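Participant: Sharing a structure, written as structure tokens. Questions coming.
The values are calculated or read from the model by the stated rules, or taken from the named source; none is laboratory data. Keep in mind the model is a prediction, meaning the values are calculated, not measured. Virtual Cβ from ideal backbone geometry, glycine too; neighbours counted across all protein chains shown.
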Amino acid sequence: MDGNSLAIEDVAAVAADRAPVALAPAARERIGRTQAVVAQLVERNAVVYGVTTGFGKLSDVAIPHHRLAELQV
């Protein structure tokens, strides 16, 4: 997976035929950079929907720092 070329046929091959899945190196790098941005936002106590807050009707509920990992499971 490279983050740019996923087709419905690829998803079907994984779901139906258990085709192997691998991340391209560039995709791994982008994930790492994004994770660093999210970590900085959390460290600054920024309000980030679904990261430092709940979801949907709970979007106005702040999640305590010590419970953030539970939200992301």
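Participant: With modelled with pLDDT of 95 or more, within 17 Å of the chain's Cα centre (by Cα) and not acidic (D, E) as the only criterion, which of A16, A36, A62, A69 stands out? First the steps, then the outcome.
Facilitator: Working: A16 fails: within 17 Å of the chain's Cα centre (by Cα); A62 fails: within 17 Å of the chain's Cα centre (by Cα); A69 fails: modelled with pLDDT of 95 or more.
Checking each option against the conditions leaves just A36.
Participant: What are the pairs, 6+ residues apart or on separate chains, where a residue within segment 59-73 that is farther than 12 Å from V42 by Cα has its Cβ under 8 Å from a residue that is among the β-branched types (V, I, T)?
Facilitator: S59/T53; D60/T53; V61/T53; L71/V51; L71/I63; Q72/V51
Participant: Assuming G56 fulfils every condition listed in (1) small (G, A, S); (2) on the phi > 0 side of the Ramachandran plot; (3) surrounded by 10 or more Cβ atoms within 10 Å (Cβ to Cβ) apart from one, which condition is it?
Facilitator: G56 satisfies all of (1) small (G, A, S); (2) on the phi > 0 side of the Ramachandran plot; (3) surrounded by 10 or more Cβ atoms within 10 Å (Cβ to Cβ) except (3).
Participant: Across segment 24-49, which residue is nearest to I63 (Cα to Cα) among those that are assigned to a helix (DSSP H, G or I) and in contact (Cβ under 8 Å) with a residue 12 or more places away in the chain?
Facilitator: So the first thing to find is which residues in segment 24-49 are assigned to a helix (DSSP H, G or I), and the list is 25-43.
Still in the list and also in contact (Cβ under 8 Å) with a residue 12 or more places away in the chain: 26-27, 30, 38, 42.
Details: A26: 32, A27: 29, R30: 26, V38: 15, V42: 11 Å.
Checked segment 24-49; the qualifying residue nearest to I63 (Cα to Cα) is V42.
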